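Right, one structure below, let's go through it.
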Amino acid sequence: MRMPGGQSLTVARLMADDDVTRPRSRAPERGPSGRTYRQLYEEAKRRDVPGRSSMSKAELERALRR
C-alpha cells in the first residue's frame, strides 16, 4: 500500500514511530556557579589547571575558585 507522497506504509509508520520514540535532549545541567561542565572545563583549560581532565564538575568548580 502506498501513502500520499509515494511512501510505503512501513516507511510512514517508521517515520511516525521515530517522532514518538526519539529521546528528547536535556538542557545542560548547571551547578551552583551556573556553568556547565564543558564551560568549567574550558575555563580550567584556559587557566592551565593541572589534572583537569580527570576532575568532576564539582572538582573543577573548586579548582577554579582558588
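Each of the peptides 57-64, 45-52 was scored by the mean count of other Cβ atoms within 10 Å over its residues; in descending order, highest first, they stand as 57-64, 45-52. The phi-based Karplus calculation (6.51 cos²θ - 1.76 cosθ + 1.60; θ = phi - 60°) puts the 3J(HN,Hα) values of segment 47-53 at 8, 6, 6, x, x, 4, 5 Hz, whole numbers, x for Gly and Pro.
Each reported figure results from applying straightforward, stated rules to the coordinates on display, with no laboratory input. As the structure is a prediction and not an experimental result, all values here were calculated from the model. Positions of Cβ are backbone-derived with ideal geometry, glycine not excepted, and every protein chain shown enters the neighbour counts.
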